[in-house]
1. For residue 140 and residue 65, what is the calculated FRET efficiency with R₀ set at 25 Å and r taken between the beta-carbons, to the nearest 0.05?
2. Can you pull the one-decimal nm distance between simple spin-label points at residue 157 and residue 193, each 7 Å off the Cα toward Cβ?
3. Distance check, please: which entries in 74/143; 92/158; 22/205; 158/224; 104/224 exceed 23 angstrom between their Cα atoms?
4. Out of all Cα-Cα pairs in region 73-150, roughly what percent, to the nearest whole number, are more than 20 Å apart?
5. Rule-of-thumb check for the chain: C-alpha Rg over 2.2 N^0.38 Å?
6. Keeping every protein chain present and rolling a 1.4 Å probe, give me the accessible area per residue for the chain in Å².
7. State the answer as a single residue: which of 147, 53, 69 lies farthest towards the positive end of the charge dipole of the chain, with beta carbon charges of +1 for Lys and Arg and -1 for Asp and Glu, about the Cα centre.
8. In debye, nearest 20, what is the charge dipole magnitude of region 1-147 about its Cα centre with +1 on Lys and Arg Cβ and -1 on Asp and Glu Cβ, if you could check?
Amino acid sequence: MSLVYCVEDDIGIRELISCALKSGGYEVCGFETGRELMENLKDDLPSLILLDVMLPGLDGFGVLELLKNDRLYKDIPVIMLTAKSSELDKVKGLEMGADDYITKPFGIMELLSRIKAVLRRSGTQESIPQIIEIGDLVIDLQKRTVFYGKNEAVLTYKEFELLSYLGQHRGKAISREKLMLNVWGFDYEGESRTVDAHIKTLRQKLENAGCSDIVTTVRGYGYKIV
């Protein structure tokens, strides 16, 4: 199981990322500051580091510089997570040695995909299930295809993200707010009607492929896959 270190001073975001990564098959350790990260690297080396830029004390760029100048840590893949979205900030992070640069807001499914891509490139990707099977419904996370038997349901990007997230948590009721947070991103300010509209078209496309009544409504709360 790949170990991911997440350095994020916002405890809410840090816990949400940790929960999402654990559900994706990763082992996770979270830290509030860069100093905490550097201390814990002495005990265990992770497969990847998620590094916020706006940190108290030593900022993310400073942490990245320490990592890349140390022969013990320089080969650990690093993904920068930040609200600093200017092109100059991105170029700075990448030129300093970051493997990817993700700006907030971002969706959890996108984050997981970017982590897998970086781990593949670095040669440290471990075996993580890429297929979700629910009866005759098959969701291929790598190919981003959905089949019910031999019939394909052609989904939009967000419809696929919704179905994948519900499929990974099948049997559990997921609130509209949690779906907004994980599929649209941390700081997305849209209304919950956005989820309802996408669920409606998702259901229609699944029904056209022969798969009906798999996404059910939990009244006054959200949705789940049965």
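The values are calculated or read from the model by the stated rules, or taken from the named source; none is laboratory data. Please read all numbers here as calculations on a predicted model, not as lab measurements. Using ideal geometry, Cβ is built from the backbone for each residue, glycine included, and neighbour counts are taken over all protein chains shown. Just the protein is used for accessible areas: all its heavy atoms, side chains included, with ligands, DNA and RNA removed. Shrake-Rupley method; radii C 1.70, N 1.55, O 1.52, S 1.80 Å.
1. Details: r = 39 Å, r/R0 = 1.57.
The formula returns an efficiency of 0.05 here.
2. The answer from the label model is 2.4 nm.
3. On the way: 74/143 32 Å; 92/158 30 Å; 22/205 30 Å; 158/224 16 Å; 104/224 27 Å.
Those over the limit are 74/143; 92/158; 22/205; 104/224.
4. On the way: 1403 of 3003 pairs.
The calculated P(r) of region 73-150 puts 47 percent of pairs beyond 20 Å.
5. Values: Rg = 18.8 Å, N = 226, 2.2 N^0.38 = 17.3 Å.
After normalising by residue count via 2.2 N^0.38 Å, the value is 1.09.
6. Working: 11370 Å² over 226 residues.
Roughly 50 Å² per residue, with all protein chains present.
7. 147
8. Values: 17 positive and 25 negative charges, 91 e Å.
Dipole magnitude for region 1-147 comes out near 440 debye.
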